[in-house]
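Participant: Dropping a structure here in C-alpha cells format, bear with me for questions.
The values are calculated or read from the model by the stated rules, or taken from the named source; none is laboratory data. What you see is a predicted model; the values in this text were computed from it and never measured. Using ideal geometry, Cβ is built from the backbone for each residue, glycine included, and neighbour counts are taken over all protein chains shown.
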Amino acid sequence: MSTAISRTRRTPTSRPPTDYSVLLKAVQQAGLMNRRYTYYAIKSSVLVTVVLIIGAGVVVLGNSWWQLLLAALLGLVFGQFGFLGHDAAHRQIFVSGKANHRAGLVLGTLVSGMSLAWWNGKHNKHHQAPNQIDKDPDIDPKVLHFYPVPPKPGRTRLAAFLRAQQGWLFFPLLTLEGVNLHIQSLITSFGGRSGKRQPVEMSLLLLRWTAYLTLLLLVLDLGTAAAFLGVQLAVVGLYLGCTFAPNHKGMPVLAADARIDFLRRQVLMSRNIISSRLTTFAMGGLNYQIEHHLFPSMPRPNLRRAQRIIKPFCLENSVTYTETTLLRSYGIVVRHLNKVGLAGRDPFDCPVVATLRPRV
C-alpha cells in the first residue's frame, strides 16, 4: 500500500516545501533510510562462502577445460561483490562514513578488484547530473556515442559504418568492459591519471591479483589459466554492463546548460525494470533505478518498498515515471544507439540521402 503524502501547511514566513522535500519526509517517516545490517551480513557471508567453494573447486578439478565453467560462475560472483561495493560507496550499509569506506575497500577493491577512488569520482558525477552532456561521464562520446556528435574530419567509411551499427556492437563490446574496469582502477590507484596515489588501494589490488594469479598458475597450465581469466573478465563485464545499461541509455539527454530541479532530474532521466525478486537479486537492486537515484544512500532491500511511495507521488505530480521489462529495455538501448549512430553520419556519405537530394 502506498503511504499518504501531505504537504505541510504554509505559514506567512515559511518557504513552500519542494516536491522532493515532501517525498523525502514521507520516505523517512516510513523508516526506509534505516540500515539493514542483517541483510548485508548474510549476503556478504554467502558470497564469501561461494568464492571459497569456487577456489576449492579450481584446486580439486585441476588442469581441465571444465574450469571455464567455474570461471564464468566466478565472474557472476565478482559482479555481485561489485554491487556490494557500490552499496558501500553510497553509504547504504553502515551509518558511519568510515565504516562504509572500509567495506567498499574490502568488497569492491580487494574482492572484485575495482578502485573505490575511481568509482567514487566517476559515479558521483553521474548521480549529480545523469544523462547531461559534459557532466555525466557515463555518456561521454568515446567508443560509443549516446547522443548525436558531429563526425570527426577524415573519418573512414569503416568508422562511419561501425558508428551507424553501434547498437548491435554494444553487447559484444561489454565483454571487454571487465578489462576496462580493472585498467581504470589500476591507473587511478597508482596515480597514473591524477598523480595522487592511493596507497591502501594499491596494496589491496596487489594482494588480490597476486593471490588470484598465483592460484591459477599453480593449478593450471599457462593457456588454461589465460582462458580462465579471459572468461571471468568477459562474464563480469557483460554482467555488469547488462545491469547498468537499461537504467539510463535511451532516456532523455540534457544539454550542458540545462536547468532542472533535483526530483525531475533524477526521475526523468532514469528507467526502472519491472521486477521479480529474482530480477532484483540479479541486478543488485539497480532495477529500482529511479528510487536509487532519488535516495542513493537508501539500503538496497528498502528500494522495493520505496517504490510504493515514489511511483504514486510522481504520477500525482505529473512527473513521468518510466518502467519496462528487462528484454524491452535492451531493445530500446540497441535502437537508440543505432539511431544516434545514424544521426551522426555525414549525409553525403549516405547513398540513400544522396539519391533523394535534388541535382543542381
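Participant: Failed condition for residue 252, given (1) surrounded by fewer than 19 Cβ atoms within 10 Å (Cβ to Cβ); (2) under 20 Å from residue 175 (Cα atoms), with all others met?
Facilitator: Against the list (1) surrounded by fewer than 19 Cβ atoms within 10 Å (Cβ to Cβ); (2) under 20 Å from residue 175 (Cα atoms), residue 252 comes up short only on (2).
Participant: Look through 22, 59 and report the one residue that is part of a helix (DSSP H, G or I), closer than 24 Å to residue 292 by Cα and modelled with pLDDT of 95 or more. Before the answer, list the steps.
Facilitator: Numbers: 59 fails: closer than 24 Å to residue 292 by Cα.
From the options 22, 59, the qualifying one is 22.
Participant: Return the pair list, or none, for Cβ contacts closer than 6 Å from residues in the stretch 167-179 that are closer than 16 Å to residue 232 by Cα to residues that are in a helix (DSSP H, G or I) and hydrophobic (A, V, I, L, M, F, W, C), at least 6 apart or on different chains.
Facilitator: 174/238; 175/234; 175/238; 178/233; 178/236; 179/233
Participant: Those residues that are touching a Ser or Thr at 6+ places or on another chain (Cβ under 8 Å), buried (at least 16 other Cβ atoms within 10 Å of the Cβ) and within 28 Å of residue 203 (Cα to Cα), I need them from the stretch 120-143; list them, please.
Facilitator: Result: no residue meets the conditions.
Participant: Looking at (1) assigned to a helix (DSSP H, G or I); (2) buried (at least 16 other Cβ atoms within 10 Å of the Cβ), can you tell me which one residue 52 breaks?
Facilitator: Of (1) assigned to a helix (DSSP H, G or I); (2) buried (at least 16 other Cβ atoms within 10 Å of the Cβ), only one is false for residue 52: (2).
Participant: Quick one: is residue 135 assigned to a helix (DSSP H, G or I) and of a type in the set (Lys, Arg)?
Facilitator: Considered against the rule, which asks whether it is assigned to a helix (DSSP H, G or I) and of a type in the set (Lys, Arg), residue 135 comes out as no.
Participant: Tell me yes or no: at least one residue of the stretch 140-156 is in contact with a helix residue (DSSP H, G or I) (Cβ under 9 Å, 6 or more places away or on another chain), under 21 Å from residue 239 (Cα atoms), in a helix (DSSP H, G or I) and without any contact (Cβ under 8 Å) to a residue 40 or more places away in the chain.
Facilitator: no
Participant: Report every pair of residues separated by at least 6 positions or lying on different chains whose Cβ atoms are under 9 Å apart, first residue within the stretch 261-279 and more than 18 Å from residue 139 (Cβ to Cβ), second in a helix (DSSP H, G or I) and aliphatic (A, V, I, L, M).
Facilitator: So the pair list comes out as 262/294; 263/23; 263/294; 272/290; 273/326; 274/326; 275/326; 279/326.
Participant: Name every residue in the stretch 174-224 that is among the small types (Gly, Ala, Ser) and either closer than 30 Å to residue 330 by Cα or in a loop (DSSP other than H, G, I, E, B) (or both), in order of residue number. Please lay out each step first, then the result.
Facilitator: Step one: filter the stretch 174-224 for residues among the small types (Gly, Ala, Ser), giving 178, 185, 189, 191-192, 194-195, 203, 211, 223.
Matches in the stretch 174-224: 178, 185, 191, 192, 194, 195.
Participant: A further question follows. In the stretch 73-111, which residues are in a loop (DSSP other than H, G, I, E, B) and either surrounded by 24 or more Cβ atoms within 10 Å (Cβ to Cβ) or in contact (Cβ under 8 Å) with a residue 40 or more places away in the chain (or both)?
Facilitator: Across the stretch 73-111, the qualifying residues are 90, 91, 92, 93, 94, 95.
Participant: Residue by residue through the stretch 94-122, note down the ones that are of a type in the set (Val, Ile, Thr) and either under 20 Å from residue 211 (Cα atoms) or in contact with an Asp or Glu (Cβ under 6 Å, 6 or more places away or on another chain) (or both).
Facilitator: Within the stretch 94-122, 106, 109, 111 meet the criteria.
Participant: A further question on this structure: Please specify each residue of the stretch 293-310 satisfying the condition of being part of a helix (DSSP H, G or I) and touching a residue at least 60 places away in the same chain (Cβ under 8 Å).
Facilitator: Those that are part of a helix (DSSP H, G or I) and touching a residue at least 60 places away in the same chain (Cβ under 8 Å): 293, 294, 300, 301, 302, 305, 306, 308, 309, 310.
Participant: Of the residues that sit in the stretch 333-348 and are of a type in the set (Gly, Ala, Ser) and in contact with a helix residue (DSSP H, G or I) (Cβ under 8 Å, 6 or more places away or on another chain), which one is modelled with the lowest pLDDT?
Facilitator: Step one: of the stretch 333-348, the residues of a type in the set (Gly, Ala, Ser) are 341, 343-344.
Those left that are additionally in contact with a helix residue (DSSP H, G or I) (Cβ under 8 Å, 6 or more places away or on another chain): 341, 344.
Values: 341: 86, 344: 59.
Across the stretch 333-348, the extreme among qualifying residues is 344.
Participant: Given (1) surrounded by 13 or more Cβ atoms within 10 Å (Cβ to Cβ); (2) assigned to a helix (DSSP H, G or I), where does residue 159 come up short, assuming only one miss?
Facilitator: (1)
Participant: Another question, then. Is it true that some residue in the stretch 177-192 is of a type in the set (Gly, Ala, Ser), at pLDDT below 90 and touching a helix residue (DSSP H, G or I) at 6+ places or on another chain (Cβ under 8 Å)?
Facilitator: Yes; the residues of the stretch 177-192 include at least one that is of a type in the set (Gly, Ala, Ser), at pLDDT below 90 and touching a helix residue (DSSP H, G or I) at 6+ places or on another chain (Cβ under 8 Å).
Participant: Quick check on residue 98: is it farther than 19 Å from residue 292 by Cβ, modelled with pLDDT under 95 and charged (D, E, K, R)?
Facilitator: no
Participant: Within the set of pairs 6+ apart or on separate chains, which have a first residue in the stretch 244-258 that is under 17 Å from residue 338 (Cβ atoms) and free of Cβ contacts under 8 Å to residues at least 12 places away in the same chain, a second that is of a type in the set (Val, Ile, Thr) and surrounded by fewer than 21 Cβ atoms within 10 Å (Cβ to Cβ), and C-beta atoms under 6 Å apart?
Facilitator: From residues that are under 17 Å from residue 338 (Cβ atoms) and free of Cβ contacts under 8 Å to residues at least 12 places away in the same chain, there are no pairs.
Participant: Here's another thing I want to ask about it. Among the numbered criteria (1) part of a helix (DSSP H, G or I); (2) at pLDDT 95 or above; (3) surrounded by 21 or more Cβ atoms within 10 Å (Cβ to Cβ); (4) not polar (S, T, N, Q), which one does residue 285 miss?
Facilitator: Every condition holds for residue 285 apart from (1).
Participant: Which ones in the stretch 225-251 are in a loop (DSSP other than H, G, I, E, B) and either among the basic types (Lys, Arg) or under 18 Å from residue 125 (Cβ atoms) (or both)?
Facilitator: Within the stretch 225-251, 249, 251 meet the criteria.
Participant: Same structure again: Which one of these does residue 267 not meet: (1) among the β-branched types (Val, Ile, Thr); (2) in contact with a Cys (Cβ under 7 Å, 6 or more places away or on another chain); (3) under 30 Å from residue 164 (Cβ atoms)?
Facilitator: (3)
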